[in-house]
Amino acid sequence: MDAPFNHQPIAVFDSGLGGLTVLRALRERLPEEDFFYFADTRFLPYGDRAESFIRERGELIAAGLTRRGAKALVIACNTLTAAAAQSIRATSALPVVALEPGVKPAAGLTRSGVIGVLATTRTLGSERFRRLVDDYASRCRVLAQPCPGLAEAIEREGADSPQVARLLDSFVTPLAAGGADVVVLGCTHYPWAGAAIASRLPAGAILLDTGEAVARQLANRLADAALLGGGQGRLTISSSGSPAAVAATVERLWGSPLPVEPWEPA
Ligand code: DGL
């Protein structure tokens, strides 16, 4: 592969539209860059799938985005990072930025010594998550709460829907009851339901997501590789799902209509 040029877009990808919460932070920090976002809606949710499936799908998407002309890859999905970041990094010649639940900052912020983590079953069961807790939060009590169904419900029903409310009642209430004063949003879909999550926690509880940290890291990686700047602030959203259905969800979550292109990694 030829070395990338700075005028090429940055590719950002997720199982669905959770990664738009990361994309928002990336565009705030890097408004002059062009972004190509891919939502793998056809296979949403990743969180209940086998690790080998997620890893192979992640490798295929990363290769396809590279061929499509990306200058850097942002894995805007905790589940995908846990399963595939290592192999994508090992095979990609591009800067690869990934994210993981903010356990480290949470351990520095908690006063009660109890941290809640909301994430997919697959993320919380990963070796990577176990290491994160051992390395940074061994002196805390970590309440790791899997949230099956939540990412799809946020996309399909909306963050304010009765279905999301029911799921949050069962996932967030145990964290509040267990004394968590910092709650990590360990899935990029969950910031869309941030207000509903906060309303189920005691006043003053801190919610942590990783969008801004990823944006800082991406800016540094691009600067180190002399790939910063060169775009025109363009944004393309693409999906492996039905473009019309995905566009309706994008409009609801993003707050304004954006065109959605069909795209399949190959
Ligand atoms: N947005 C993904 C994450 O950050 C998960 C959603 C899914 O289960 O596909 O983990």
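The values are calculated or read from the model by the stated rules, or taken from the named source; none is laboratory data. Model, not experiment: these values are computed from the prediction. Don't worry about glycine lacking a Cβ; one is built from the backbone with ideal geometry, like all the others, and counts go over all protein chains shown.
Quick check on V214: is it within 12 Å of the ligand (Cβ to nearest atom), among the aliphatic types (A, V, I, L, M) and not in a helix (DSSP H, G or I)?
No, not satisfied.
Which residue, of L109, L132, L94, is surrounded by fewer than 16 Cβ atoms within 10 Å (Cβ to Cβ) and away from the ligand (no atom under 12 Å from the Cβ)?
None of the others qualify; the one that does is L109.
To keep it simple, each residue is scored yes or no on (1) within 15 Å of the ligand (Cβ to nearest atom); (2) crowded, with 21+ Cβ neighbours inside 10 Å.
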| residue | (1), (2) |
| --- | --- |
| Q8 | no, no |
| G19 | yes, yes |
| D34 | no, no |
| D48 | yes, no |
| E51 | yes, no |
| G58 | yes, yes |
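So, in segment 180-197, of the ones that are within 15 Å of the ligand (Cβ to nearest atom) and assigned to a helix (DSSP H, G or I), which residue ends up farthest from D40 (Cα to Cα)?
I197
So if I check each of L228, L168, which one is over 16 Å from G102 (Cβ atoms), part of a loop (DSSP other than H, G, I, E, B) and of a type in the set (A, V, I, L, M, F, W, C)?
L228
Do the conditions hold for T249, that is, is it within 16 Å of the ligand (Cβ to nearest atom) and in a loop (DSSP other than H, G, I, E, B)?
No; evaluated as a whole, the condition is false for this residue.
Yes or no: segment 70-91 includes at least one residue that is away from the ligand (no atom under 16 Å from the Cβ) and in contact with a Ser or Thr (Cβ under 7 Å, 6 or more places away or on another chain).
Looking through segment 70-91, none of the residues is away from the ligand (no atom under 16 Å from the Cβ) and in contact with a Ser or Thr (Cβ under 7 Å, 6 or more places away or on another chain).
Is segment 118-128 home to any residue that is modelled with pLDDT of 95 or more, of a type in the set (S, T, N, Q) and more than 15 Å from the ligand (Cβ to nearest atom)?
No - not one qualifying residue is present in segment 118-128.
Which of (1) in contact with a Gly (Cβ under 7 Å, 6 or more places away or on another chain); (2) surrounded by fewer than 22 Cβ atoms within 10 Å (Cβ to Cβ); (3) closer than 23 Å to G125 by Cα is the odd one out, the single condition F13 does not satisfy?
The number of the failed condition is (2).
Within segment 207-227, how many residues turn out to be closer than 14 Å to R29 by Cα, surrounded by fewer than 19 Cβ atoms within 10 Å (Cβ to Cβ) and of a type in the set (A, V, I, L, M, F, W, C)?
Residues in segment 207-227 being closer than 14 Å to R29 by Cα, surrounded by fewer than 19 Cβ atoms within 10 Å (Cβ to Cβ) and of a type in the set (A, V, I, L, M, F, W, C): 3 in total.
Being closer than 16 Å to T121 by Cβ, within 14 Å of the ligand (Cβ to nearest atom) and at pLDDT 95 or above: is that true of F38 here?
For F38, the condition - closer than 16 Å to T121 by Cβ, within 14 Å of the ligand (Cβ to nearest atom) and at pLDDT 95 or above - is not met.
Considering only segment 150-181, state which residues are without any contact (Cβ under 8 Å) to a residue 24 or more places away in the chain and under 28 Å from A84 (Cα atoms).
A153, L167, listed by residue number.
Any chance segment 155-168 includes a residue that's at pLDDT 95 or above, closer than 28 Å to S52 by Cα, more than 18 Å from the chain's Cα centre (by Cα) and away from the ligand (no atom under 12 Å from the Cβ)?
Looking through segment 155-168, at least one residue is at pLDDT 95 or above, closer than 28 Å to S52 by Cα, more than 18 Å from the chain's Cα centre (by Cα) and away from the ligand (no atom under 12 Å from the Cβ).
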